[in-house]
Amino acid sequence: MAETERKRIQLYKRWIPLYDGLEVASRRLLGPDGEMFTLADAARIDTDDFNSRACSYDRMDEMDPALVKFLKYAHQRSQRYGDGSFVPTNREYLDALLMAASKLTLEPGLPTFWHLFSEDDMDVTRDIVKIGKREKDGKCRAIIYRFDHDPKAHLAGPPVEIATDGWIRELDPLYGLPAKTTKKCGPVENISECIRDDAVRYGIVHLYTEKACGLPTSKGVKDLHLIAHHPCVNTGALDMSLVPLQAADEHRGALLLRRR
């Protein structure tokens, strides 16, 4: 193994235990240059060079969306380094964030919560959302799909009604998406039902407005949005945005999880 590869592996050696054998890496997914790998990097990746080293399961097509290339790169890196890492689903991301908010505050010697989660770039997950018609109550019917490594997304589960404006009062426990929002800032009321540790019983999560999200969307690929997150430094809230799947120029990365 080349010395540069050994050094890159060292960057991921620190894994922080969360729950049920789930661990989060202290560094985000890195690219060949050792910097954070983003959707923009995935959109520009040399597919021929990548495919010469990848197994058939991970081979890229030039027409793959940036997110698909991103996930194939993450999987190939995980296989090559044998660390078992993966880009989380939206539910796994939210669980990891809530667990880390407690753990990284209480245990000395670990990266701070803000260092781990508050980079300049938002994190993407493997979940994508197809937004349906907006109802009179402000909610939208959403179908959740999930990219693993195949270029075709698969249905993640049953449809769900999501709220798209304001401060979240309730989270959908299956996907971790907003089920109820209000205009008044306040805690998420059912957060203790949605996580696996009684140490975290409250939280404030902010979802971008309809205007910021660009909802409702037109038909076709623009209906599909990936979910991006970023904790707000000023409020401690989790900013959640829906980003068009084809937004290849976005500088968005991803946390890495693994199961032991």
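What are the pairs with Cβ atoms under 7 angstrom where one residue, in segment 11-27, is part of a strand (DSSP E or B) and the other, located anywhere, is of a type in the set (Asp, Glu) and modelled with pLDDT under 90? Sequence gap at least six, or different chains.
Listed pairs, sorted by first residue: 19/197.
Run down 224, 256, 215 and say which single residue is in contact with a Ser or Thr (Cβ under 9 Å, 6 or more places away or on another chain), surrounded by 13 or more Cβ atoms within 10 Å (Cβ to Cβ) and modelled with pLDDT of 85 or more. Step through it out loud before you land on a result.
Details: 224 fails: modelled with pLDDT of 85 or more; 215 fails: modelled with pLDDT of 85 or more.
From the options 224, 256, 215, the qualifying one is 256.
Which one is nearest to residue 152 (Cα to Cα), of the residues in segment 70-98 that are out of contact with any Gly (no Cβ under 9 Å at 6 or more places or on another chain) and of a type in the set (Gly, Ala, Ser)?
74
Sort out which residues of segment 124-153 are at pLDDT 90 or above and not aliphatic (A, V, I, L, M), and write them in order of number.
Hits for segment 124-153 are 125, 126, 127, 145, 146.
So is residue 127 surrounded by 15 or more Cβ atoms within 10 Å (Cβ to Cβ), within 20 Å of the chain's Cα centre (by Cα) and part of a loop (DSSP other than H, G, I, E, B) or not?
no
Which residues, counting only those in segment 154-187, are free of Cβ contacts under 8 Å to residues at least 40 places away in the same chain, buried (at least 16 other Cβ atoms within 10 Å of the Cβ) and not in a strand (DSSP E or B)?
172
Right, residue 112: surrounded by fewer than 18 Cβ atoms within 10 Å (Cβ to Cβ), in contact with a Phe, Trp or Tyr (Cβ under 9 Å, 6 or more places away or on another chain), more than 15 Å from residue 228 (Cβ to Cβ) and without any contact (Cβ under 8 Å) to a residue 12 or more places away in the chain or not?
Here the answer is no, as residue 112 does not meet what is asked.
Among the residues of segment 80-101, what is the count of those that are among the basic types (Lys, Arg) and within 14 Å of the chain's Cα centre (by Cα)? Don't jump to the end; show me each part of the working.
Step one: filter segment 80-101 for residues among the basic types (Lys, Arg), giving 80, 91.
Cutting the leftovers down to within 14 Å of the chain's Cα centre (by Cα) gives us 91.
Of the residues in that region, 1 qualify.
Before we move on, is residue 42 surrounded by 18 or more Cβ atoms within 10 Å (Cβ to Cβ) and assigned to a loop (DSSP other than H, G, I, E, B)?
For residue 42, the condition - surrounded by 18 or more Cβ atoms within 10 Å (Cβ to Cβ) and assigned to a loop (DSSP other than H, G, I, E, B) - is not met.
Do you know which of the residues in segment 72-98 that are part of a helix (DSSP H, G or I), modelled with pLDDT of 80 or more and of a type in the set (A, V, I, L, M) is surrounded by the fewest Cβ atoms within 10 Å (Cβ to Cβ)? Full working, then the answer.
First, pick out the residues of segment 72-98 that are part of a helix (DSSP H, G or I): 72-81, 90-98.
When the remaining residues are screened for being modelled with pLDDT of 80 or more, the result is 72-81, 90-97.
Those left that are additionally of a type in the set (A, V, I, L, M): 74, 94, 96-97.
On the way: 74: 21, 94: 25, 96: 23, 97: 25.
Out of the qualifying residues, it is 74.
List every residue pair whose Cβ atoms lie under 9 Å apart, where the two residues are 6 or more positions apart in sequence or sit on different chains, the first residue falls within segment 71-84 and is under 16 Å from residue 34 (Cβ atoms), and the second residue, located anywhere, is among the aromatic types (Phe, Trp, Tyr) and part of a helix (DSSP H, G or I).
73/50
The values are calculated or read from the model by the stated rules, or taken from the named source; none is laboratory data. Nothing here was measured: the structure is a model prediction, and the numbers come from that model. In this analysis, Cβ positions are derived from the backbone assuming ideal geometry, glycine residues included, and neighbour counts consider all displayed protein chains.
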